[in-house]
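Notes follow the structure.
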Amino acid sequence: MRTRPHPTLRVVERFVSLQGEGLLAGVPSSFVRTSGCNLRCEWCDTPASSWAPSGERFGVDELVAWCLEGPRHVVLTGGEPLLFPETVELARRLFEHGRHVTIETAGTVWQDGLQVDLVSLSPKLVHATPRRLGPAWADRHALRRLRPDVVRALMALPWQLKFVVRTDDPESLRVDVAEIETQLELFGVGPGERDRVLLMPECTDPAALSAAYAALVPVCRATGFRLGPRLHIAIFGHRPGT
């Protein structure tokens, strides 16, 4: 009788820190960052999980045990963690153990059976299109980056939407916000849900964060969107394991 292979996940890093982004910013959390992504965002701040995937394989049992030794909140991130059915199993088992599970996803991949406390959706805007790999990858990225049907399905679970926007140029910011409004219509986000939409500056320089936040204040006041912090950048700078 053939036995089922022991499920494993390729993981870039696992660490305990504070959640740096979203509605739970500041909450102590265990992070598991899977390796591999179906997109290649130009500004990706975790290239070891996308542009040049790396890491080692861990059994799901081992990852569950590691998470159970840490904080109640667990964040499954990437790359794109929903590429892998094993992520769904890991989330389910942690959920059943009473952990608060957040999954961070671009909203381009659907997996049946997902059980989490929060889906942190980060759909990509046009400015994320990669240019360093030539037109073939740019076209591939453009075809994959926006899946309204998948986003709407994931929004059946508790959700937040995070958008990375450009703040160094007023016209670029205006273009990004207009595109966000178009996406929200596709996703069916209602007027009373706009405070679950977060704008995060495309910024990995702690010294520049304050100005980036300031640029978003009038936009948030006008739209009802929430300013999305990058607490980990402010505290630790742009480095892994934070």
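Scan the range 68-90 residue by residue and report those that are more than 20 Å from residue 145 (Cα to Cα) and of a type in the set (D, E, K, R).
69, 72, 86, 89 - these are the residues of the range 68-90 that are more than 20 Å from residue 145 (Cα to Cα) and of a type in the set (D, E, K, R).
Of all residues in the range 17-55, which are out of contact with any strand residue (DSSP E or B) (no Cβ under 8 Å at 6 or more places or on another chain) and at pLDDT 95 or above?
Selection gives 20 alone.
If you take the residues of the range 111-128 that are in a strand (DSSP E or B) and touching a residue at least 60 places away in the same chain (Cβ under 8 Å), which of them is surrounded by the most Cβ atoms within 10 Å (Cβ to Cβ)? Full working, then the answer.
Kept after step one, since they are in a strand (DSSP E or B), are these residues of the range 111-128: 118-121.
Now restrict to residues that are touching a residue at least 60 places away in the same chain (Cβ under 8 Å): 118, 120.
Numbers: 118: 19, 120: 25.
If we take residues in the range 111-128 being in a strand (DSSP E or B) and touching a residue at least 60 places away in the same chain (Cβ under 8 Å), then 120 is surrounded by the most Cβ atoms within 10 Å (Cβ to Cβ).
Spot the failing condition for residue 116; the list is (1) in contact with a helix residue (DSSP H, G or I) (Cβ under 7 Å, 6 or more places away or on another chain); (2) over 22 Å from residue 163 (Cα atoms), and only one is missed.
Condition (2) is where residue 116 drops out.
Given the residues 93, 132, 145, which is the only one that is in contact with a helix residue (DSSP H, G or I) (Cβ under 7 Å, 6 or more places away or on another chain), over 24 Å from residue 194 (Cα atoms), surrounded by fewer than 22 Cβ atoms within 10 Å (Cβ to Cβ) and not hydroxyl-bearing (Ser, Thr, Tyr)? Before the answer, list the steps.
On the way: 132 fails: in contact with a helix residue (DSSP H, G or I) (Cβ under 7 Å, 6 or more places away or on another chain); 145 fails: over 24 Å from residue 194 (Cα atoms).
When all the criteria are applied, what remains is 93.
Given the criteria assigned to a loop (DSSP other than H, G, I, E, B) and β-branched (Val, Ile, Thr), does residue 108 qualify? Working first, answer last.
Details: assigned to a loop (DSSP other than H, G, I, E, B): yes; β-branched (Val, Ile, Thr): yes.
Taking the combined requirement at face value, the residue satisfies it.
If you scan the range 66-79, which residues turn out to be outside any loop (DSSP other than H, G, I, E, B) and either surrounded by 17 or more Cβ atoms within 10 Å (Cβ to Cβ) or in contact with a Ser or Thr (Cβ under 8 Å, 6 or more places away or on another chain) (or both)? Break it down stepwise before answering.
Taking the range 66-79 and keeping what is outside any loop (DSSP other than H, G, I, E, B), we get 66-68, 73-77.
Answer for the range 66-79, where residues must be outside any loop (DSSP other than H, G, I, E, B) and either surrounded by 17 or more Cβ atoms within 10 Å (Cβ to Cβ) or in contact with a Ser or Thr (Cβ under 8 Å, 6 or more places away or on another chain) (or both): 66, 67, 73, 74, 75, 76, 77.
Could you check how many residues of the range 102-145 are within 13 Å of the chain's Cα centre (by Cα) and not charged (D, E, K, R)?
Qualifying residue count for the region: 13.
Examine the range 149-161 for a residue that is under 24 Å from residue 45 (Cβ atoms) and among the basic types (Lys, Arg), and state whether such a residue exists. Spell out the reasoning first.
Taking the range 149-161 first, the residues under 24 Å from residue 45 (Cβ atoms) are 150-151, 154, 159-161.
Filter once more, keeping what is among the basic types (Lys, Arg): none.
Checked against the condition, which is being under 24 Å from residue 45 (Cβ atoms) and among the basic types (Lys, Arg), the range 149-161 yields no hits at all.
Restricting to the range 28-65, name every residue that is in contact (Cβ under 8 Å) with a residue 40 or more places away in the chain, surrounded by fewer than 16 Cβ atoms within 10 Å (Cβ to Cβ), not charged (D, E, K, R) and not in a strand (DSSP E or B).
43, 54
Could you check how many residues of the range 88-115 are in contact with a strand residue (DSSP E or B) (Cβ under 7 Å, 6 or more places away or on another chain), farther than 23 Å from residue 129 by Cα and not aliphatic (A, V, I, L, M)?
Total satisfying the criteria: 4.
Of all residues in the range 129-158, which are closer than 17 Å to residue 180 by Cα and of a type in the set (A, V, I, L, M, F, W, C)?
142, 146, 150, 151, 155
So that you can scan it fast, the table gives a plain yes or no per residue for (1) within 20 Å of the chain's Cα centre (by Cα); (2) among the small types (Gly, Ala, Ser):
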position: 161; (1), (2): yes, no
position: 170; (1), (2): no, no
position: 178; (1), (2): no, yes
position: 190; (1), (2): no, yes
position: 215; (1), (2): no, yes
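The values are calculated or read from the model by the stated rules, or taken from the named source; none is laboratory data. Since the structure is predicted, the reported quantities are computational estimates derived from the model, not experimental observations. As a convention, Cβ positions derive from the backbone with ideal geometry for all residues, glycine included, and neighbour counts pool all protein chains shown.
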